[in-house]
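Structure first, then comments.
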Amino acid sequence: MDARWIEFGIVEIGGVRYEHDVVIDGGKIGKRRKKASKPYRGAYGHTPLSVDEDIPWGGGRLIVGTGESGSLPVMPEVRAEAERRGVELLTLSTPEALGLLADLRPKDVYAVIHVTC
């Protein structure tokens, strides 16, 4: 899947630029809906990735791009849910995560990509 880091706050996936967090579910790209995770913001200093969000669990591996400097918190419950489902969870800075996507066919991509911090 063609994916690359442009600059802080902007990624390009499949030739389209995104200036917001994205979720990729078997190659289908949508906006990350993080409202469900906002109640946890105070505890983390940032809106974390929580199991309350619509996480794309459909593949055997979930790639989480945690931002330019890797600051997106991933709650322990997400890690536990991945283990329960038998899904390999990879958490990497967003530039590194996008590099992994480049080696995959779109239908094999299940990811949450944070475009800032």
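Laboratory data are not the source of any read-out in this text; all were calculated from the coordinates shown. Given the structure is predicted, the values throughout are model-derived calculations rather than measurements. Because the Cβ atoms are built from the backbone with ideal geometry, glycine has one as well, and the counts that use them run over all protein chains shown.
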### Message
Can you report the number of residues in the range 93-114 which are outside any helix (DSSP H, G or I) and within 9 Å of the chain's Cα centre (by Cα)?
### Response
5
### Query
Do you know which residues across the range 36-81 are among the aliphatic types (A, V, I, L, M) and in contact with a Phe, Trp or Tyr (Cβ under 8 Å, 6 or more places away or on another chain)?
L62, I63, M75
### Message
Taking the conditions exactly as written (closer than 19 Å to M1 by Cβ, of a type outside the set (S, T, N, Q) and in contact with a Leu (Cβ under 6 Å, 6 or more places away or on another chain)), does Y18 satisfy them or not?
### Response
no
